[in-house]
Structure formats: structure tokens, C-alpha cells
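The values are calculated or read from the model by the stated rules, or taken from the named source; none is laboratory data. The structure presented is a predicted model; accordingly, all values stated were derived computationally and were not measured. Glycine gets a Cβ as well: all are built from the backbone with ideal geometry, and neighbour counts include every protein chain shown. Surface areas here come from the heavy atoms of the whole protein model, side chains and all, with no ligands, DNA or RNA. Shrake-Rupley method; radii C 1.70, N 1.55, O 1.52, S 1.80 Å.
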Amino acid sequence: MTMRIRRVLLAVFGLAVVVFAAYALNRGVLIGSEIHRGSTSLQDRATAYLWRKHCRYLRFTGINDDASLTGQEREELDNYRCRFFDR
């Protein structure tokens with residue numbers, strides 16, 4: 001009797017792990033982030049430099065980049081944390 005209960009519990013636990021992994025990959029799991037410097041042209045033909053933080057998420061379809069925040073100072077983007085799950 002105890003052996004059968006262990007098998008059932010192990011099967012339920014295995015199913016829960018598979019369901020959680022599918023849920024996480026459907027939403028997108030954070031795998032890293034990078035900060036890049038970019039530039040934009042202003043109306044008076046001057047160039048302004050902006051920093052952009054890219055968060056990378058692993059999904060069923062592959063790895064997606066999300067340019068989640070843009071700012072004037074790199075330090076303000078260093079303090080910004082990407083969400084663990086996208087969406």
C-alpha cells in the first residue's frame with residue numbers, strides 16, 4: 001500500500017513540475033540583461049545619447065529581447081531590475 005502511494009505522489013509531483021515549466025516558458029523566463037548606448041537626432045540636428053536596457057526572456061519560440069527602459073543616465077538603468085517573468 002505504501003509503495004502505491006509513493007508512486008502516485010511521485011507522479012503528481014512530476015506532473016506539477018512539467019506544468020510549472022510549461023507555464024514559465026509560456027510567459028517568458030528572464031535569462032539576462034544588457035545596457036547599450038544609443039543615439040537619437042534632435043530637431044536642431046544635434047545628437048542626444050540615451051542608454052537602453054534590454055531584458056532577455058526564454059520562451060517556447062526562442063529568446064526574445066525586450067527594450068524595457070530608456071534613460072539619460074546609465075546609473076538609473078543599473079538600478080532597474082527586469083521582471084523574472086515577462087508579461
*List, please: which pairs have Cβ atoms under 6 Å, are six or more places apart or on different chains, and start with a residue in segment 1-29 that is free of Cβ contacts under 8 Å to residues at least 40 places away in the same chain and end with one that is surrounded by fewer than 10 Cβ atoms within 10 Å (Cβ to Cβ) and among the aromatic types (Phe, Trp, Tyr)?*
25/60
*Residue that is least open to solvent (accessible area, probe 1.4 Å), among those in segment 1-28 that are assigned to a helix (DSSP H, G or I) and within 21 Å of residue 82 (Cα to Cα)*: 24
*Search segment 48-77 for residues being farther than 19 Å from residue 24 by Cβ and of a type in the set (A, V, I, L, M, F, W, C), and hand back the single one that is nearest to the chain's Cα centre (by Cα).*
67
*Restricting the search to segment 60-76, which residues are of a type in the set (D, E, K, R), over 12 Å from residue 37 (Cα atoms) and loosely packed, with under 15 Cβ neighbours inside 10 Å?*
65, 75, 76
